[in-house]
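The values are calculated or read from the model by the stated rules, or taken from the named source; none is laboratory data. The structure presented is a predicted model; accordingly, all values stated were derived computationally and were not measured. All Cβ positions, even for glycine, are placed from backbone atoms using ideal geometry, and neighbour counts span all protein chains on display.
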Amino acid sequence: MLSSAAFEENRSAEYAQQADTSVCVRVLLLPKFENGEMTGDFPGEAQYYYEHYCRGGEEYTVAGGYQNHKLYVKDGVALYVTGCGKVNAVLSLCAVLNDKRFDFSDTLFMSIGCAGSCYETTVMGDVFVITAAVDYDLGHHADARELTGNRRETWFHNPIYDSTARSILHRPLTDKVYDLVKDTSLQTTPKTQALMAAVCRQTGRALRQPQVLQGTTVSGDNYWKGRYDHGNAVLMTNVYNTPHPYVCAEMEDVAIAATLGRIGKLHRLIILRASVNLDIFTDGMTPETLWGTQAGAAFDSDDGAESADIFATAMRNHFCVGKKIIDAVLHGEL
C-alpha cells in the first residue's frame, strides 16, 4: 500500500501527464439549442459559431452529456450545445468540464444564445453583455388572482436563496468586453421595426436601431411573458442590487454562473444574449393564441408570431459581437 506522501506524488504526476496530453481549450462556447443541422439550414444559437470556428475540427462524445450532442473542437475553440433549461445546461457543462481529455485551466467560458427582452428599454435585435444573472424561480410566486391589495408583482423575495439566486459577473472582464464590442454595427428588418415602432408608441420612447448593451438577465425554467412577470423581473433585479438594470430573460445563465462560481471560474465567464422577442404580449398576441396552438413556441424559422422575422438577423448580430470577443482571446488580448 502506498504511503500518503507517495499517493500524493503519484496523483500529482498523473495530473501533470494529463495536462501535457490534454487538448487546451481557449474558449468554450455554450449555446443551448440548434435548429436542424449544425450548418447549412436555418440557424439556431450555435450555427454561425460552428461554421466559423469549429467546422472541420474534431468531434468528441462526452460521457454524461446531452443525448447525441458532440463537443466540437478546433484551434482552441470548443462548442457544446447544452440543451435548454437550467438542469440541462448545468449537467452538460459539468460533463464537459469533467472530461480529462481537455484542459480548461485558462478557458474563457461564453454562454451564448437568444433571449426575450425588456419591452421598456430594448429593441429586438439588441445584443447584451450580461453583468449579473438572477434566478426567476427561487423565492415565492403567487397567482395574480390571489393578490388582495394593489400590488402587481407576484414574486416575493426569500433571502434564504440569495447565495444561489444571484451571480455578479467579474466586472473588470465584462467592462473590458463591453468596451471592445459596444460600437458593433447591428442589423434589423422592416417587419421587426414596424412591430417595435408600435411598442415604442405605447411606452413613449423613440424607436432606435439595435445596439450592444450591458444589463442583468433573469433565468427561469418557466418560459414566461407578460406585464406581471415583467414587473417581477424588474423587482428581482432591484432586490438583488445588480450593477445594471434588467434587460433580458432566458432559461440557463444563472445556473451556469453558479456552477462556474463553485469551482472558482466565475471570473472567466461571459454571457452574451440577443433579443429575439419581447417580454410582453405584442401585436395582438394572447397567451392562448401564442401558446395554445404552439404557434410561437419554436424559433426554427422567421415565420413565428413571437419573433417577427428577427431571429436569424439577431443570431447574426450575436455572432458579429461574439466573434470580436473570441478573436481577442485567441490573440491574447483578453
Quiz item: Is at least one residue of the range 200-208 over 17 Å from I325 (Cβ atoms), free of Cβ contacts under 8 Å to residues at least 40 places away in the same chain and in contact with a helix residue (DSSP H, G or I) (Cβ under 8 Å, 6 or more places away or on another chain)?
Solution: yes
Exercise. Output the residue which, of all residues in the range 53-77 that are among the charged types (D, E, K, R) and in a loop (DSSP other than H, G, I, E, B), is nearest to A328 (Cα to Cα).
Key: D75
Exercise. Go through the residues of the range 235-248 one by one and say whether even a single one is at pLDDT 95 or above, surrounded by fewer than 22 Cβ atoms within 10 Å (Cβ to Cβ), within 20 Å of P31 (Cβ to Cβ) and touching a Lys or Arg at 6+ places or on another chain (Cβ under 7 Å).
Key: no
Self-check item: Looking only at the range 89-118, and only at residues there that are surrounded by fewer than 22 Cβ atoms within 10 Å (Cβ to Cβ) and of a type in the set (S, T, N, Q), the one that is nearest to H331 (Cα to Cα)
Solution: T107
Self-check item: Filtered residues of the range 66-87 (kept if touching a residue at least 12 places away in the same chain (Cβ under 8 Å), crowded, with 17+ Cβ neighbours inside 10 Å and of a type in the set (D, E, K, R))
Solution: K86
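Just the residues that are under 21 Å from G322 (Cα atoms) and outside any helix (DSSP H, G or I), please, taken from the range 78-91. Lay out the reasoning, then the answer.
Looking only at the range 78-91, we keep the residues that are under 21 Å from G322 (Cα atoms), and these are 78-84, 89.
A78, L79, Y80, V81, T82, G83, C84, listed by residue number.
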Quiz item: Which pairs do you get when a residue that is more than 11 Å from F42 (Cβ to Cβ) and at pLDDT below 70, found in the range 290-305, comes within reach of a residue that is of a type outside the set (D, E, K, R) and assigned to a loop (DSSP other than H, G, I, E, B), reach meaning Cβ atoms under 6 angstrom, with the pair 6+ apart or on two chains?
Solution: A295/A305; G296/G304; G296/A305
Self-check item: Pick from the range 164-199, criterion over 20 Å from the mean Cα position of the chain (by Cα) and among the aliphatic types (A, V, I, L, M), ranking: nearest to K323 (Cα to Cα)
Solution: M196
Practice problem: Please state which one of V127, V212 is surrounded by 17 or more Cβ atoms within 10 Å (Cβ to Cβ), touching a Lys or Arg at 6+ places or on another chain (Cβ under 6 Å) and modelled with pLDDT of 95 or more. | Solution: V212
Quiz item: Since S111 meets every condition but one in (1) assigned to a strand (DSSP E or B); (2) in contact with a Cys (Cβ under 9 Å, 6 or more places away or on another chain); (3) closer than 19 Å to D253 by Cβ, which condition does it not meet?
Solution: (2)
